[in-house]
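Written out below as structure tokens is the structure these notes cover.
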Amino acid sequence: MITKFRGKKITSMLGILPETVGLFDDEVNNYSFPPKQTMRLKKIMGYDRHRLAKDTSTVSDFAVYGLRYMLENKWIKKEEIGAVITVTLCPDHFVPHISNIVQDKCGLDTDVMCFDIAQGCCGFLVGLMQAFMVLDHTDKKVLLINGDVLSHKVSKKDRNDYPLIGDAATITVLENGGDDEIYYEMHTDGSRGKALIIPAGAFRMPSNPDTGVMADLGDGNFRSLDNMTMDGSEVFNFVQVEVPPMLENAFKRENMTVDDFDWFLFHQPNRFMLQKLAEKAGLPQDKLPMNLVENFGNPSGASIPMTAIYNCRDSLINSENKCCLSAFGSGLAWGVVFMNIGKLDYCDLIESDL
Amino acid sequence: MNSDILSMLEEIKPEFDFNDSEDFVMDGLLDSFDIITLISMLEEKYGITIDGLDIVPENFSSLDSIANLVVKSGGKA
């Protein structure tokens, strides 16, 4: 799908991190590979440290913590909120939804529209579209919550996945205003969906004692059917094949070049993949932050706002920025958005004890 | 060039004899993370940039296929 929106803007962004830090150096011996071999990946992939939620903490805990922070610090008033949209792969329960839990715990009015969307890597772009559409029907503000605690679903003995996963949530405030045009493009190929999958735990394969049995399924990593598993080669090739031509065609369609953008705020799978993508697409690496995995881990759908907050906070507060947002991954799905982000009212990154 | 590449492979996976394999990937000598490590070493040694679209298993199946990839990417022996 390719479409455009007009007159919508982001006015505040908040990132919420767990305070617990997992260090790659400490985890090297958890894996069944020789430590020397594993340590080579530190620089190449950007593995260093990642944030880990407590076993008892859920996405709603982070969202409530963040929204209470915003309310207490007068970023927003309860009566200004028209809708809460949560995008996550990690629901507290199948029912009720996280947005409803947030509405209750933060004391929001009952006329606030609340709904959740199940999306992973492209979660911010999918959430943006939903927020834009809701804004067509309200003068109030929309809260877009992106969050995941995927460390709960990744085996600690899985070197492919565990070092790069990070837990986090973001809250993005959107509202009507201005006349800027927003370019929006999204693609899906469900035939390749099993390249990134959590096989058990939902209705197709409910969790049971058998799905929790850890085993080496042939790649030297120990995981169970309850754990997330990723075919790294398949995902890498998918990104290299699909994303550069999507970007090139979008630039042509909008009569723009890479020089027209202040920032390329991309999903953060790992440093190697982003470097190869930047090389292939001819993107300036000084405008494409690649450091989320090494500092916090990849927080799935929260990766783009977290990248923006961590790397571009001053720029986003003080000036208007032409941003190219792009996400790619689970689904498989890939997309790109061109939009101005800037002169934000508030932008901050906070830690929680969750 | 082949002997330099063999040295790199033996540094990455000293437990394997690469001379005994007809396909490093199919025989399980190299996984995707080993390939990434090898790419990093090749790019540094030969001052090249390997195109992301060339990072496919068939380009890492043998010493000759890896050497061909290095040459294709602008590397000189």
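The values are calculated or read from the model by the stated rules, or taken from the named source; none is laboratory data. All of these numbers come straight from a predicted model, not from anything done at the bench. Here the Cβ is made from the backbone with ideal geometry for all residues, glycine too, and neighbour counts use every protein chain on show.
Do any helices (runs of 4 or more DSSP H) lying entirely in the range A:261-354 carry at least 3 residues that are at pLDDT 95 or above and farther than 19 Å from A:Thr86 by Cα, and which ones are they?
The helices (runs of 4 or more DSSP H) meeting that bar are A:303-318.
For the range A:229-260, name all the residues that are modelled with pLDDT of 95 or more and part of a loop (DSSP other than H, G, I, E, B).
Selection gives A:Glu254, A:Asn255, A:Met256, A:Thr257.
So A:Ala333 clears everything in (1) of a type in the set (Gly, Ala, Ser); (2) buried (at least 23 other Cβ atoms within 10 Å of the Cβ); (3) at positive phi except one condition, right? Which one?
That leaves (3) as the condition not met.
So which residues in the range A:247-274 are buried (at least 19 other Cβ atoms within 10 Å of the Cβ) and either closer than 17 Å to A:Gly331 by Cβ or within 14 Å of chain B (Cβ to nearest Cβ) (or both), if there are any at all?
Listed by number, the residues that qualify are A:Leu247, A:Phe266, A:His267, A:Gln268, A:Pro269, A:Asn270, A:Arg271, A:Phe272, A:Met273, A:Leu274.
Examine the range B:63-73 for a residue that is more than 11 Å from the chain's Cα centre (by Cα), within 12 Å of chain A (Cβ to nearest Cβ) and at pLDDT 90 or above, and state whether such a residue exists.
Within the range B:63-73, one or more residues are more than 11 Å from the chain's Cα centre (by Cα), within 12 Å of chain A (Cβ to nearest Cβ) and at pLDDT 90 or above.
Restricting attention to the range A:26-41, and to residues there that are more than 11 Å from chain B (Cβ to nearest Cβ) and touching a residue at least 12 places away in the same chain (Cβ under 8 Å), which single residue is surrounded by the most Cβ atoms within 10 Å (Cβ to Cβ)? Working first, answer last.
Keep residues of the range A:26-41 that are more than 11 Å from chain B (Cβ to nearest Cβ), which gives A:26-30, A:32, A:35.
Right, trim to touching a residue at least 12 places away in the same chain (Cβ under 8 Å) and you get A:27, A:30, A:32.
Working: A:Glu27: 18, A:Asn30: 15, A:Ser32: 14.
It comes out as A:Glu27.
Please pick out the residue among B:Glu10, B:Glu15 that is assigned to a helix (DSSP H, G or I), among the charged types (D, E, K, R) and either under 25 Å from A:Pro35 (Cα atoms) or within 13 Å of chain A (Cβ to nearest Cβ) (or both).
The conditions single out B:Glu10.
Kindly provide the set of residues from the range B:18-35 that are among the small types (Gly, Ala, Ser), within 8 Å of chain A (Cβ to nearest Cβ) and not in a helix (DSSP H, G or I), ordered by number.
The initial filter retains those residues of the range B:18-35 that are among the small types (Gly, Ala, Ser), namely B:21, B:28, B:32.
Filter once more, keeping what is within 8 Å of chain A (Cβ to nearest Cβ): B:32.
Matches in the range B:18-35: none.
Which residues, counting only those in the range A:153-202, are in a helix (DSSP H, G or I), over 17 Å from the mean Cα position of the chain (by Cα) and charged (D, E, K, R)?
A:Arg192, A:Lys194
How many of the residues making up the range B:49-62 are within 11 Å of chain A (Cβ to nearest Cβ) and either of a type in the set (A, V, I, L, M, F, W, C) or under 9 Å from the mean Cα position of the chain (by Cα) (or both)?
So the answer is 5.
In this structure, is A:Cys121 at pLDDT 95 or above and over 16 Å from the mean Cα position of the chain (by Cα)?
No, not satisfied.
Can we say B:Leu38 is within 14 Å of another protein chain (Cβ to nearest Cβ), surrounded by 14 or more Cβ atoms within 10 Å (Cβ to Cβ) and part of a helix (DSSP H, G or I)?
For B:Leu38, the condition - within 14 Å of another protein chain (Cβ to nearest Cβ), surrounded by 14 or more Cβ atoms within 10 Å (Cβ to Cβ) and part of a helix (DSSP H, G or I) - is met.
Among the residues of the range A:65-80, count how many are hydrophobic (A, V, I, L, M, F, W, C), out of contact with any Phe, Trp or Tyr (no Cβ under 8 Å at 6 or more places or on another chain) and surrounded by fewer than 23 Cβ atoms within 10 Å (Cβ to Cβ). Give the steps one after another, and end with the answer.
Keep residues of the range A:65-80 that are hydrophobic (A, V, I, L, M, F, W, C), which gives A:67, A:70-71, A:75-76.
Adding the requirement that they be out of contact with any Phe, Trp or Tyr (no Cβ under 8 Å at 6 or more places or on another chain) leaves A:67, A:71, A:76.
Adding the requirement that they be surrounded by fewer than 23 Cβ atoms within 10 Å (Cβ to Cβ) leaves A:71, A:76.
The qualifying residues number 2.
If the requirement is being outside any loop (DSSP other than H, G, I, E, B) and either within 14 Å of chain B (Cβ to nearest Cβ) or within 14 Å of A:Leu354 (Cα to Cα) (or both), which of these qualifies: A:Val87, A:Val64?
Every option except A:Val64 fails the conditions.
For the range A:206-243, name all the residues that are in contact with a Leu (Cβ under 7 Å, 6 or more places away or on another chain), aliphatic (A, V, I, L, M) and more than 14 Å from chain B (Cβ to nearest Cβ).
A:Met228
Restricting attention to the range A:130-147, and to residues there that are part of a strand (DSSP E or B) and more than 30 Å from A:Phe251 (Cβ to Cβ), which single residue is nearest to the other protein chains (Cβ to nearest Cβ)?
Within the range A:130-147, the match that is nearest to the other protein chains (Cβ to nearest Cβ) is A:Gly147.
Between A:Asp226, A:Asp210, which is buried (at least 18 other Cβ atoms within 10 Å of the Cβ), assigned to a loop (DSSP other than H, G, I, E, B) and at pLDDT 95 or above?
Only one candidate passes the filter, namely A:Asp226.
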